[in-house]
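The values are calculated or read from the model by the stated rules, or taken from the named source; none is laboratory data. Quick caveat, the model's predicted, so the values are computed rather than measured. Reconstructed Cβ throughout: ideal geometry from the backbone, glycine too, with neighbour counts over all protein chains shown.
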């Protein structure tokens, strides 16, 4: 058996820091966010892949559901029911503020018990409520799993996860989702990625809008307050919001490198900088060879039986690596060229990035997933 490094894909994401972004894409308005809904329900129609008798709460949910239609399950037979075509599930959804009654939303369904698959299932009508317990929507319909799982004679073949599913447009709002974005004549703009420089630039851009001169002020790194003209009507407010959303703002981001140790993926943005430094990285290769042999008994030995012997050989080889001088880099292309001199796999590159950060050579935030 030979141990080796698996080679994974290395991404370098480059973009121009001078590119402007629409304000609509980097910010939202206070009071115009989203509401998360959740609920519990039953999925029926499964092909013997639902919850087992060990999921007692599923039996209770089924009994309560049948009772609504006048069917009472005898207490004596309650825990002896076999309902492998039913599964207890959690139902969740996210809705935007200002959505009206009758609107349709996508629904996510996931198992609560020991069901093995939701393929072919249908969600029975389930209420969805917010954190305060208010019911906003009802969800039901056939599930879209996006994968498969088949078992037979101890073997299994599958793709993706089959214990989580979606119901496109499976939820229907039962009430309007109210919201307020203007309070005491002030409109608050919230940045998706708070940054002092970007907040100041957003305020400056809003002040160029006709009718909003000197109306915008950055109160902190993520909030810009806009004082609307006195006596503004609802149509006028909507026109001002339209103009604010269409503004182009030059964003200022922090240099970041995202390292995924599970896959060996490295992603960096264009704001990362490298100071001059020296890197030396050695590679160690370990090879383990196993040989199985059969030993025969000595000739003319009564009752002798063949034997089995296992011999293992371990070899270790450390490849020498020269120290590489990394020059100062101001662009993603320069960083990629400097690091390619090391000729290492992405997994080794993750360790090098961590060491560069500790040494102060890497200028940027290091995020390890």
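Taken residue by residue, the stretch 171-194 has at least one member that is within 27 Å of the chain's Cα centre (by Cα) and over 23 Å from residue 99 (Cα atoms).
Looking at the stretch 100-110 only, could you name the residues that are surrounded by 20 or more Cβ atoms within 10 Å (Cβ to Cβ) and assigned to a loop (DSSP other than H, G, I, E, B)? Reasoning before the result, please.
Step one: filter the stretch 100-110 for residues surrounded by 20 or more Cβ atoms within 10 Å (Cβ to Cβ), giving 105, 107, 109.
Listed by number, the list is empty, since nothing qualifies.
Of the residues in the stretch 189-214, how many are under 21 Å from residue 256 (Cβ atoms), touching a strand residue (DSSP E or B) at 6+ places or on another chain (Cβ under 7 Å) and assigned to a loop (DSSP other than H, G, I, E, B)? The qualifying residues number 1.
Test residue 304 against the stated conditions and say whether it is at pLDDT below 75, part of a loop (DSSP other than H, G, I, E, B), more than 34 Å from the chain's Cα centre (by Cα) and more than 25 Å from residue 361 (Cα to Cα). For residue 304, the condition - at pLDDT below 75, part of a loop (DSSP other than H, G, I, E, B), more than 34 Å from the chain's Cα centre (by Cα) and more than 25 Å from residue 361 (Cα to Cα) - is met.
To keep it simple, each residue is scored yes or no on (1) more than 30 Å from residue 177 (Cα to Cα); (2) in contact with a helix residue (DSSP H, G or I) (Cβ under 7 Å, 6 or more places away or on another chain).
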site: 33; (1), (2): no, no
site: 47; (1), (2): yes, no
site: 61; (1), (2): no, no
site: 70; (1), (2): yes, no
site: 86; (1), (2): yes, yes
site: 93; (1), (2): no, no
site: 97; (1), (2): no, no
site: 103; (1), (2): no, no
site: 107; (1), (2): no, no
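In the stretch 248-268, the residue that is surrounded by the most Cβ atoms within 10 Å (Cβ to Cβ) out of those that are touching a strand residue (DSSP E or B) at 6+ places or on another chain (Cβ under 7 Å) and either over 19 Å from residue 194 (Cβ atoms) or modelled with pLDDT of 90 or more (or both) is 268. Report yes if residue 63 is modelled with pLDDT under 85, surrounded by 14 or more Cβ atoms within 10 Å (Cβ to Cβ) and either at negative phi or assigned to a helix (DSSP H, G or I) (or both), otherwise no. Taking the combined requirement at face value, the residue satisfies it. Residue count for the stretch 215-262 satisfying the condition of being under 20 Å from residue 27 (Cα atoms) and assigned to a loop (DSSP other than H, G, I, E, B): 11.
If you go through the stretch 213-246 and pick out every residue that is at pLDDT below 90 and buried (at least 16 other Cβ atoms within 10 Å of the Cβ), you end up with 1.
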